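Below is one structure, written out as structure tokens, with a few remarks after it.
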Amino acid sequence: KSGVAASNAVLWAESHDTYEGSSGSSGFSNTADVSDENVVKAWAIVASRKDSTALFFARPGTALMGNISTDSTYKSTAVSEINKFHNLFVGQSEKLGSSGDIAYVARGTSGVVLANCDGNEKSVSISGTGLANGTYTDTVSGAKFTVANGVLTGNIGSTGVAVVYNGTTTPRNTCSVESGDFKGDTITLNLGLD
């Protein structure tokens, strides 16, 4: 539906209907065969938008729909950092754009989310994002980006997504066993902090 205010819209990269559906007007039967990597790239653009609410579908993986997902993409660093960006930039202006295969959403003058629509790692040089001159950090990979004379330069990492602003990477806990069942009195886990 066109003409709906962004604050009344819920955006998503895919839903349970598009994932499990058996028909569609877009030329494919469902999104189950779209790679997790490409869903995250779509999420980067959708979830970094101004005013709207975004919804990430946790794919079931090998689990039955409604059970705990075996696909952990929803817990990835890229998804997490995109979500943080969305919350940090509430109230900031929005500028959508593209440069070659790179789609971006710039927020205010201090943050941008980039998605490489044709691969993963890529060196970029983009004019017109509206970011202020300075050095920024990609909170997904930790790489530095620079804006000089209105040109954003840097390298998108292995996820194909960069979440660039004056933020810091967030420590993450790790566990050698994601989930599951065990029998006996004990289980050995390796816990860490990355």
| query | residue 141: more than 12 Å from residue 113 (Cα to Cα) and touching a helix residue (DSSP H, G or I) at 6+ places or on another chain (Cβ under 9 Å), yes or no? | reply | yes
| Does the range 41-48 contain at least one residue that is modelled with pLDDT under 95, on the phi < 0 side of the Ramachandran plot and charged (D, E, K, R)? | no
| task | Just give me the residues in the range 83-121 being over 17 Å from residue 34 (Cβ atoms) and of a type in the set (A, V, I, L, M), in sequence order. | result | 88, 90, 96, 102, 105, 106, 112, 113, 114
| said: Any residue in the range 167-181 that is more than 13 Å from residue 194 (Cα to Cα) and acidic (Asp, Glu) sitting within a Cβ distance under 9 Å of a residue that is at pLDDT 70 or above and open to solvent by less than 90 Å² (accessible area, probe 1.4 Å)? List the pairs, counting only those 6 or more apart or interchain. | reply: 178/70; 178/72
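The values are calculated or read from the model by the stated rules, or taken from the named source; none is laboratory data. Quantities reported herein were computed from a predicted structural model and do not represent experimental measurements. As a convention, Cβ positions derive from the backbone with ideal geometry for all residues, glycine included, and neighbour counts pool all protein chains shown. These accessible areas exclude ligands, DNA and RNA; they are computed on the full protein's heavy atoms, side chains included. Shrake-Rupley method; radii C 1.70, N 1.55, O 1.52, S 1.80 Å.
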